Amino acid sequence: MLQAVLSVEPGADEVLFLPLGGTGEIGMNLNLYGHDGRWLIVDIGITFGGDDFPEHDVLMADPAFIVSRRQRLAGIVLTHAHEDHVGAVAYLWKRLKCPVYATPFTAAVARWKLARAGLDAVPVHEVPLGARFEVGPFGVEYVGMTHSIPEPNALLLTTPAGAVFHTGDWKLDERPVVGRSYDAERLRGLRSEPLLAMVCDSTNAVVPGSTGSEGSLFAPLLELVQAAGGRVVVTSFASNVARLVTLARVAEASGRRFGVIGQAMERMVAVARATGYWPADLPALVDARHLGYLPPVEVLAACTGSQGEPSAALTRMAADSHRDILLDPTDTVIFSSKLIPGNERPVAAVHSRLRALGVEVVTDADAHVHVSGHPAVEDLKRLYDWVQPPAVVPTHGTPRHLRANAEIALGCHVPRVAVIGNGDVCRLSAAGPEVLGRVPTGRLALAPSGQLAPVSAPVLAAMRAAVG
Ligand SMILES: [Zn+2]
Ligand SMILES: [Zn+2]
């Protein structure tokens with residue numbers, strides 16, 4: 001058992017990495033980096049409790065450690081706009097009260113979340129793609145990656161004691177459909193930086209091969225849509241703007257009208273438009289209210305609800321209670337998404353209700369209708385080969401994912417790896433990563449009143465056991 005660290009003061013000769021959430025689990029990322037007496041937060045996300053913990057719908061890492069040293073917090077740097085990286089900013093900002101840094105798309109999402117919580121005055125600094133800037137004692141450089149949302153960024157954090165490459169969520173996609181491809185030249189150049197360690201996404205470290213490209217989905221989706229006799233409704237993650245653009249192009253190519261259904265998806269399209277990620281040459285979207293009046297064979301709709309969320313558009317369609325669309329037996333529903341573990345029951349319930357309506361259900365088990373946004377084994381090997389880090393600290397995964405990523409790194413001749421968990425204070429130095437001790441961690445849950453409350457010890461234990 002490691003000694004608890006009672007006083008953690010990052011020195012001028014080291015960089016500390018201290019994840020409070022997201023290491024040993026997938027979701028609610030909250031990473032701290034410490035150097036020369038100051039701290040930096042990288043990402044501040046949430047997790048949805050899902051079917052197993054319905055009373056804990058929105059969860060986030062307990063930031064108590066950094067709240068108690070808030071005067072030493074230099075800022076929050078966001079890598080990208082997924083909920084598990086940005087979702088807690090509006091819930092926790094009042095406790096942290098520091099500047100927020102993000103690239104334009106992520107900044108737009110963060111501002112929207114803050115404004116909805118009445119926090120319009122929070123300083124969100126919009127940083128151009130690829131920019132270098134300073135936050136306290138840290139130099140920060142955004143390095144362009146590809147993922148499943150516009151503007152995924154890795155971070156090169158530099159200090160006089162050395163640099164850390166924090167990958168954020170990534171894959172290597174030559175055809176990302178929207179936005180730039182990854183910055184291969186910069187990634188290959190990282191080997192000449194004074195790196196202490198690379199802190200790397202482990203989500204798909206147990207998946208062999210390479211993750212497919214977003215650009216590979218147009219042809220199979222078009223084939224399915226052309227073969228369909230009635231309406232086609234496609235459910236996917238609301239934030240996957242590239243998938244929505246692909247679907248809009250499939251609609252165009254198959255002579256159908258396209259619209260999006262569900263608040264989260266409509267909002268993402270609005271942000272994509274405002275930040276230049278919605279192609280101007282696409283036909284105008286048909287309003288959800290009008291889609292139901294068109295002949296079914298002329299309709300292709302994208303909607304929320306791929307995880308069986310109770311109030312999402314698809315769940316309502318499956319219950320035959322959606323305001324705008326009532327499905328017919330000739331219709332097809334495509335799940336252009338993966339099933340997130342924990343959501344098996346609600347998704348199976350939506351499938352069976354759809355089938356009871358006579359609707360044809362197509363999932364990624366039936367056809368090539370989804371690609372992941374995270375690196376599989378061969379992608380991890382490629383990036384380790386490019387960067388040649390002296391040490392790897394896996395993050396963004398359950399313990400099984402972290403161990404698998406560590407094995408891959410060792411196989412790529414990375415000299416040192418450190419598999420750590422939330423609360424571990426990991427010293428990064430030329431001597432390699434070293435866990436100095438552990439600080440208390442926990443989770444906060446959003447109560448129906450809007451207040452945040454610590455998750456009780458028994459529930460926390462059950463949640464940890466569920467991760468495996
Ligand atoms: Zn992500
Ligand atoms: Zn993530």
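Listed values, structure above:
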item: Condition broken by Val369, with the remaining ones in (1) more than 16 Å from ligand 2 (Cβ to nearest atom); (2) crowded, with 22+ Cβ neighbours inside 10 Å; (3) among the β-branched types (Val, Ile, Thr) satisfied; result: (2)
item: Criterion: more than 19 Å from Val177 (Cα to Cα) and of a type in the set (Lys, Arg) - qualifying residue of Arg243, Arg249, Arg257, Arg273; result: Arg257
item: Subset of region 276-333 [of a type in the set (Asp, Glu) and part of a loop (DSSP other than H, G, I, E, B)]; result: Asp281, Asp287, Glu309, Asp320, Asp324, Asp328, Asp331
item: Residue match in region 258-270 (condition: among the aromatic types (Phe, Trp, Tyr) and not in a strand (DSSP E or B)); result: no
item: Among the residues listed as His147, His166, the single one being in contact with a Leu (Cβ under 7 Å, 6 or more places away or on another chain) and within 16 Å of ligand 1 (Cβ to nearest atom); result: His166
item: So Phe138, is it surrounded by 21 or more Cβ atoms within 10 Å (Cβ to Cβ) and assigned by TED's automatic domain parsing to the domain that holds Arg443; result: yes
item: Which listed residue, of Leu436, Leu428, Leu402, Leu444, is among the hydrophobic types (A, V, I, L, M, F, W, C) and over 23 Å from Val8 (Cα atoms); result: Leu402
item: Residue within region 53-68 that is surrounded by fewer than 24 Cβ atoms within 10 Å (Cβ to Cβ), of a type outside the set (A, V, I, L, M, F, W, C) and within 16 Å of ligand 2 (Cβ to nearest atom) present; result: no
item: Any hit, region 412-427, residues being out of contact with any Cys (no Cβ under 8 Å at 6 or more places or on another chain), within 16 Å of ligand 1 (Cβ to nearest atom) and either in the same structural domain as Met317 (by TED's automatic domain parsing) or touching a residue at least 24 places away in the same chain (Cβ under 8 Å) (or both); result: no
item: Helices (runs of 4 or more DSSP H) lying entirely in region 375-468 (those with 2 or more residues that are among the small types (Gly, Ala, Ser)); result: 399-411, 457-467
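Residues are listed down the side, and each one gets a yes or a no for (1) over 24 Å from Val124 (Cα atoms); (2) within 16 Å of ligand 1 (Cβ to nearest atom):
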position	(1), (2)
Gly24	yes, no
Gly27	no, yes
Leu30	no, yes
His35	no, no
Pro63	no, no
Arg69	no, no
Glu83	no, yes
Val109	no, yes
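The values are calculated or read from the model by the stated rules, or taken from the named source; none is laboratory data. Source: prediction; values computed, not measured. Virtual Cβ from ideal backbone geometry, glycine too; neighbours counted across all protein chains shown.
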